[in-house]
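K.L.:
First, the structure itself, so that you have it in front of you.
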């Protein structure tokens, strides 16, 4: 949320943000109140637990807990490490990137990345801090990057 929070709230107030997709956050705890969320045409929330934000959502998508998905973390010191799925998600729960993949595909018809490896590799091409990295190059211990 951080520095983008004021941009989001301003955009909702001005009407330039009409749809908000929230992953794993109760934005009402971060200063986006029910009055602002009520101005949205569409509020989509993916989370693992009910919250004030999910109560106001037009659509709630069943998200995955950390142990139910694979991905990477980048520490405050710039260490990029993989994390692996420990347990299968319950029911229809899915990782966030899968929801975004399906949304992009349904809007544009472009398939883009179809795996977490592909997503990381694409991000590494577009985000300078990860330049030259691939999912495979992270290995089991991770690597350090300049952040």
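The values are calculated or read from the model by the stated rules, or taken from the named source; none is laboratory data. All values derive from a computational prediction rather than experimental measurement. Cβ placement follows ideal geometry from the backbone for every residue including glycine, while neighbour counts extend to all protein chains displayed.
K.L.:
Looking only at segment 36-54, decide whether some residue is touching a helix residue (DSSP H, G or I) at 6+ places or on another chain (Cβ under 7 Å), on the phi < 0 side of the Ramachandran plot and in contact (Cβ under 8 Å) with a residue 60 or more places away in the chain.
P.N.:
no
K.L.:
Among what's in segment 85-110 and is over 22 Å from residue 47 (Cβ atoms) and part of a loop (DSSP other than H, G, I, E, B), pick the residue that is modelled with the lowest pLDDT.
P.N.:
Filtering first and then ranking leaves 110.
K.L.:
All but one of (1) surrounded by fewer than 17 Cβ atoms within 10 Å (Cβ to Cβ); (2) in contact (Cβ under 8 Å) with a residue 40 or more places away in the chain; (3) within 16 Å of the chain's Cα centre (by Cα) hold for residue 77; which doesn't?
P.N.:
Unmet for residue 77, out of (1) surrounded by fewer than 17 Cβ atoms within 10 Å (Cβ to Cβ); (2) in contact (Cβ under 8 Å) with a residue 40 or more places away in the chain; (3) within 16 Å of the chain's Cα centre (by Cα): (3).
K.L.:
State yes or no: is residue 88 within 21 Å of residue 24 (Cβ to Cβ), in contact (Cβ under 8 Å) with a residue 60 or more places away in the chain and not assigned by TED's automatic domain parsing to the domain that holds residue 47? Walk me through it before giving the result.
P.N.:
Working: within 21 Å of residue 24 (Cβ to Cβ): yes; in contact (Cβ under 8 Å) with a residue 60 or more places away in the chain: no; not assigned by TED's automatic domain parsing to the domain that holds residue 47: yes.
Answer is no for this residue.
K.L.:
In segment 117-127, is there at least one residue being outside the structural domain of residue 21 (by TED's automatic domain parsing), crowded, with 17+ Cβ neighbours inside 10 Å and either closer than 27 Å to residue 27 by Cα or touching a strand residue (DSSP E or B) at 6+ places or on another chain (Cβ under 8 Å) (or both)?
P.N.:
Just the residues of segment 117-127 that are outside the structural domain of residue 21 (by TED's automatic domain parsing), to begin with: 117-127.
Filter again for crowded, with 17+ Cβ neighbours inside 10 Å, leaving 119-121, 124.
From what is left, the residues that are either closer than 27 Å to residue 27 by Cα or touching a strand residue (DSSP E or B) at 6+ places or on another chain (Cβ under 8 Å) (or both) are 119-120.
Yes, some residue in segment 117-127 is outside the structural domain of residue 21 (by TED's automatic domain parsing), crowded, with 17+ Cβ neighbours inside 10 Å and either closer than 27 Å to residue 27 by Cα or touching a strand residue (DSSP E or B) at 6+ places or on another chain (Cβ under 8 Å) (or both).
K.L.:
Another one. So residue 11 clears everything in (1) out of contact with any strand residue (DSSP E or B) (no Cβ under 7 Å at 6 or more places or on another chain); (2) surrounded by 12 or more Cβ atoms within 10 Å (Cβ to Cβ); (3) under 17 Å from residue 119 (Cβ atoms); (4) modelled with pLDDT of 95 or more except one condition, right? Which one?
P.N.:
Status for residue 11: all satisfied but (3).
K.L.:
Among (1) out of contact with any strand residue (DSSP E or B) (no Cβ under 9 Å at 6 or more places or on another chain); (2) closer than 25 Å to residue 93 by Cα; (3) touching a residue at least 24 places away in the same chain (Cβ under 8 Å), there is one condition residue 23 misses while meeting the rest; what is its number?
P.N.:
(1)
K.L.:
To continue, here is another question. Kindly provide the set of residues from segment 28-67 that are over 19 Å from residue 6 (Cα atoms) and modelled with pLDDT under 95, ordered by number.
P.N.:
66
K.L.:
Kindly provide the set of residues from segment 96-119 that are touching a residue at least 40 places away in the same chain (Cβ under 8 Å) and in contact with a helix residue (DSSP H, G or I) (Cβ under 8 Å, 6 or more places away or on another chain), ordered by number.
P.N.:
The answer is 116, and nothing else.
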